[in-house]
1. Using a basic spin-label model with each label point 7 Å from the Cα along Cα→Cβ, how many nm lie between Asn663 and Ser701?
2. Quick one: Karplus J couplings for segment 596-610, per residue in order, coefficients 6.51, -1.76, 1.60, θ = phi - 60°, nearest Hz, x for Gly and Pro?
3. Name the residues whose placed amide hydrogens come within less than 5 Å of the amide hydrogen of Gly341, ignoring near sequence neighbours (fewer than 5 apart) on the same chain.
4. Which of the GluC sites (Glu not before Pro) found in segment 562-629 are loop residues per DSSP with 10 or fewer other Cβ atoms within 10 Å of their Cβ?
5. Calculate, in nm to one decimal, what Arg405 and Glu368 gain on full extension: separation in residues at 0.36 nm each, minus their alpha carbon distance.
6. Say a paramagnetic label sat at a point 7 Å from the Cα of Lys413, along Cα to Cβ; which residues of segment 456-480 have their backbone N under 19 Å from it?
7. Between Asn434 and Glu136, take the C-beta separation as r, use R0 = 51 Å, and let me know the FRET efficiency to the nearest 0.05.
8. Once label points are set 7 Å from the Cα along Cα→Cβ at both Glu77 and Trp103, what is their separation, rounded to one decimal in nm?
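Values quoted throughout were computed directly from the atomic coordinates according to the rules given, and no laboratory measurement underlies them. Small disclaimer: the values here were computed from a predicted structure and weren't measured. With ideal geometry, Cβ positions are generated from the backbone for all residues, glycine too; neighbour counts draw on all protein chains shown.
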Amino acid sequence: MMSRSYTNLLDLAEGNFAALGPASGGARRRSGSFGMKRMSRVMTVPGTLSELDGEDESEPAATNSVASDVPSSVSGERLLVVSNQLPIVARRRPDGRGWSFSWDDDSLLLQLRDGIPDEMEVLFVGGVRADIPLAEQDEVSQALYDRFRCVAVFLPESLHDRFYHSFCKRQLWPLFHYMLPFASSASTATSSSSSSSSSAPPAGNGRFDRGSWEAYVLANKFFFEKVVEVINPEDDYVWVHDYHLMALPTFLRRRFNRLRIGFFLHSPFPSSEIYRTLPVREEILKALLNCDLIGFHTFDYARHFLSCCSRMLGIEYQSKRGYIGLEYFGRTVGIKIMPVGIHMDQLQAVLCLPDRQWRVSELQQQFEGKTVLLGVDDMDIFKGINLKLLAFENMLRTHPKWQGRAVLVQIAKPVRGKGKDLEAIEAEIRESYNRINGEFGRSGYSPVVFIDRDVSSVEKSAYYTIAECVVVTAVRDGMNLTPYEYIVCRQGTPRSESSSEVTGPKKSMLVVSEFIGCSPSLSGAIRVNPWNVEATAEAMNEAISLSDQEKQLRHEKHYRYVSTHDVAYWSKSFIQDLERACKDHFRRTCWGIGLGFGFRVVALDPHFTKLNMDSIVMAYERSESRAIFLDYDGTLVPQTSINKTPSSEVLRIINTLCSDKRNIVFIVSGRGRDKLGEWFSSCPKLGIAAEHGYFLRYRLSF
Ligand SMILES: O=P(O)(O)OC[C@H]1O[C@H](O[C@H]2O[C@H](CO)[C@@H](O)[C@H](O)[C@H]2O)[C@H](O)[C@@H](O)[C@@H]1O
């Protein structure tokens, strides 16, 4: 059953969110991208296109837009990459005056440019990972646009808090990783938000909170406004990333009916049994369906999404020649399954750095005579770090030969979104490694080396190089690129361009959770259910005990895959499919209908035209004999009406039509003959085709 569509985007568009406080000046500005009106690609036939169709041209001229002075971009296709955060590192200048910016080379969003055709300019729209004071935001925006073609989105602090920390991190992120809030959560705990439109107390422990949802939608609108500042709707592609921005496609589609929009979800998409607990489940599905292409890392995530569309919206998918599509009001929404990869050149460049070799030697000395198992994870609640420690402890106990010989090095990268749950897990982890080191450690031997700080890429790659096995025990993870990085580091790189000698050991072993996105791609890994501590312990033992030949074979297989399915391969494939999904866009007749999240674009093949009222009236008046077939539900009574009985007004109109001797009027319906006969007993000149025509009642009188 469908839930009530709660938030009306039109309200939001009017800024009707009193409780969220005023928006920042910059983001409230409505500015168009260019001060010129552009020729439409579609030649419209008078009277056949909806009046709403002109929305694309409705943007006012640029005012205060960062892009208002960039006419050169008017021609040529561009890609706008929209994400919660820009691929930019921001640092306060040492003298405290102003900021310095650089590209974030580790950002996948930056790396994806390698798969984009050279002639396509890439622009980024997103937040800045630093607290830029309001007074400096305009200057920062201009600098980021001029130097990096990055369009900064600044959210007011309280909105950002509710959008990111409350709705994204406490509601969507856990749910998408299969963690349901407790049904009986107390109202005291974690959420700092208050609902602007609900009388329920603020939700604790991740229970759905309307105020946070409203903040999420409003934050998405801030991103939308920034896109509007720079977009050329007829030339640009927009590629939206991840779960933070799932409402954005609806804002974009409302304004630009024919815009080419892709979306990629980096997190898992959960089973429909989990997803359907989300009170705004239909709203989010419908918003995503305003895209042209929706991408997932794995077949399972896509399958879950498709079954949600089927069960919650009644939309079925079709698969043709290897492409999966959902028919949505005349548009086909493509589904793309393509796991992301790593940036080969960048990683190989790190492998060539001189200080890396030095660090590798240092680590080799430190762990001489030991077998190193390695974990590299973000410190978040789904990475299963404690499960890994428990499995390692179990291995040391059940295979005592490893005591004094095996070391688990665990790198735990701190994350931005802290929370109560994370603190509890950190305490649990600490307790585990202290216990293991207490029980099995001895002078010169610490079985667990725990590194809870961000390590440089040089240092990380050095650890990968000396590790005999990488272990990933995440209980859920969208993709997880740790195994890929490890494989490339173990392969090493030619010492010089003229030599084929390699610096890596060219053998590797992986123990990976079956609940992470990279697992299906790594057929040589030992897959484990991380909740099964004993089985994971056995897998660790097996991995480090295998012969070198076996480790080499598995390594080679993985390396072949990882090196050919890199980040450029992923983005190129996505953009190609997006182009393909949109190839008919500008040929089609389309118009927007529906309010709030019910908004969608109805698209028609150009051979269809919309009925013109004047021509119908003229044809009616001219004709000598007419056959009139009327559907019942949705035609004579509204689809949504609970009372399905025809109104007296409907009966009167039908009798008027029937009384004209030139008319033969029929109701054609799937409804039963008894009910239709009863409802239209006062229309003796009306014909009825009941039960899809299986039963016919011809007119009773002339
Ligand atoms: O913490 P957030 O700002 O909400 O971002 C979530 C995570 O995003 C990135 O990870 C996600 O994308 C990766 C690449 O597709 C995928 O491997 C991973 O499974 C996803 O969760 C980012 O790498 C993480 O650091 C963020 O925590």
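1. Those two pseudo-labels are separated by 1.7 nm.
2. x, 6, x, 5, 8, 9, 8, 10, 10, 4, x, 6, 8, 10, 7
3. Under 5 Å from the amide H of Gly341: Val567, Trp570.
4. Filter output for segment 562-629: Glu624.
5. This chain segment gains 12.4 nm when fully extended.
6. Taking a point 7 Å out along Cα→Cβ of Lys413, the residues of segment 456-480 whose backbone N falls under 19 Å are 456-467, 470-480.
7. 0.70
8. The modelled label-to-label distance comes out at 2.2 nm.
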